[in-house]
1. Given A:Val29, A:Val63, which one is under 25 Å from A:Lys143 (Cβ atoms) and assigned to a helix (DSSP H, G or I)?
2. Show the residue pairs meeting these rules: Cβ distance below 8 Å; 6+ apart or different chains; first residue within segment B:159-181 and free of Cβ contacts under 8 Å to residues at least 40 places away in the same chain; second residue of a type in the set (Asp, Glu) and crowded, with 16+ Cβ neighbours inside 10 Å.
3. Of all residues in segment B:177-215, count the ones that are closer than 16 Å to A:Glu132 by Cα, assigned to a helix (DSSP H, G or I) and within 7 Å of chain A (Cβ to nearest Cβ).
4. Residue pairs, Cβ under 7 Å, 6 or more apart or interchain, first in segment A:66-87 and more than 16 Å from B:Pro201 (Cβ to Cβ), second of a type in the set (Asp, Glu). List them.
5. Quick check: anything in segment A:138-148 among the β-branched types (Val, Ile, Thr), over 14 Å from the mean Cα position of the chain (by Cα) and not in a helix (DSSP H, G or I)?
6. Go through segment B:117-169 and count every residue that is more than 25 Å from A:Ala164 (Cα to Cα), β-branched (Val, Ile, Thr) and more than 21 Å from the chain's Cα centre (by Cα).
7. Please name all residue pairs, on different chains or six or more residues apart, with Cβ atoms under 6 Å, provided the first residue is in segment A:43-62 and is at negative phi and free of Cβ contacts under 8 Å to residues at least 24 places away in the same chain and the second residue is in a loop (DSSP other than H, G, I, E, B) and of a type outside the set (Asp, Glu).
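Values in this text are rule-based calculations from the coordinates and carry no lab data. Values in this document were obtained by computation on a predicted structure and should not be read as measured data. For neighbour counting, all protein chains shown are included, and Cβ atoms are generated from backbone atoms with ideal geometry for every residue, glycine included.
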Amino acid sequence: MSKHQLSADLFTEADQQQLASFSCGDTVVGRACTEWIRGSDVLDSMQRGSGVWLYRNSDDEIVGFGSLGPIRWRWPLPDGDYAKLAIIPMLGIDERFQGQPPGKEWRYSRQIMNHLIYEAHVFSAMQKKPVEWLLLLVHPENKPAIKLYEEFDFVMIPDVRRGAANSCVMKHRLAE
Amino acid sequence: MSTSETSNEAISHAIPFLRFLISMPPRALEEFCHALMECSGQIRADVLQMFEIAEDESLSVDERGHALRTIVDQLHLIPDDEGRFGMDLARSEELAASNFPALAYQVGRMNLQESEFADRLRHLMKTKHITQKELAARIDCTQPAISQMLNRKCRPQRKTLNKIATALAVDVRELWPDLEVSEYLDSVAEFQQDDRIMTEPEAVALRDTSQPRSKLKGQPLPSRKK
């Protein structure tokens, strides 16, 4: 096993004490990621049914976090029926580990994305009707993240912007 | 029902309350009125109802005493170590933060944001030679409200920030740089809301089966705890 292999463990509120020095950087998105995992947003998300994982390297350092949750949105009227979807509410990597390690095979961001997609399949398999779409929100100026998601078969939904932050929505059609 | 009937009914409800107020020592009366003004409309209505019970001589002493204790609880009328009544927001935040790490972080951030905002606002007002009174007039509020913001006694709402930014001819981010972070987090929280009706472009995108299914199945990661 490579020394760059991450481990994934479900996050609990008690883990927040270990995140005192965790920081995803000083950009708007970086600060939002840090605030999300260190503040109350992560707990709110978990209350809504999200699973949140902390990723650690072989030195037991916290490299990042990821989350996956269910949502039930309604189709526009006159249909009005519910659609069950999976979403990645937030993921972040500590700034010390961004772009690490060199080489794509063990890149932390890729390991995290692969893990979240795997968890989305686990979640889908537990539903009566398989979940077709995995969605995520991305800041329009976060070009490296958009590029990463595209490599994982996420496609930008055109003409959709969410909230005052003008965030974009990307969709991934889960494998059968 | 006539107006006079309504007034009579209102007065009869108010009599026990007024009788209680008259009987209070001046300092306690001041604290009580302050607490009553700050509480929600629902609590205020409950308190007035409790006064009627407390004054109802047909009820037992226990029942009337219970009503009075409810009023004390609802309005936080138990004085603190320094004899002050009412809820101390800063102290309650401090207490909550000591028990929950997420709240400690949140409270720390909020304090920092408020302090940075106050510093920035003070600096901009000084640079632009604008007094508190002038700024208040420009944004249609009172001078004490501006003073409270400068002394970190209140957290400005988004619309107030926009008004101040316009009044000072600066970008709102100059006053509150974390605004974009808050907006982004709000959009994430809103994205997770169940029962939302999709917009037409979202529905079109999620009904579109021309996008092939991904071949990726992902990979599990080992658990450190296991």
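1. A:Val29
2. Pairs that qualify, where the first residue is free of Cβ contacts under 8 Å to residues at least 40 places away in the same chain and the partner is of a type in the set (Asp, Glu) and crowded, with 16+ Cβ neighbours inside 10 Å, are B:Arg173/B:Glu180; B:Val181/A:Glu35.
3. Of the residues in that region, 4 qualify.
4. A:Leu68/A:Glu119; A:Ile71/B:Asp194; A:Arg72/B:Asp194; A:Arg72/B:Asp195
5. No, segment A:138-148 contains no residue that is among the β-branched types (Val, Ile, Thr), over 14 Å from the mean Cα position of the chain (by Cα) and not in a helix (DSSP H, G or I).
6. 3
7. As it stands, the answer is A:Arg48/B:Gln192, since those pairs meet every condition given.
Here's the yes/no breakdown for (1) within 26 Å of A:Phe154 (Cα to Cα); (2) touching a helix residue (DSSP H, G or I) at 6+ places or on another chain (Cβ under 9 Å); (3) at the interface with chain B (Cβ under 8 Å from one of its Cβ atoms):
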site	(1), (2), (3)
A:Gln18	no, no, no
A:Gly25	yes, yes, no
A:Arg31	yes, yes, yes
A:Ile37	yes, yes, no
A:Ser58	no, no, no
A:Val63	yes, yes, no
A:Ile71	yes, yes, yes
A:Arg74	yes, no, yes
A:Ala86	yes, yes, no
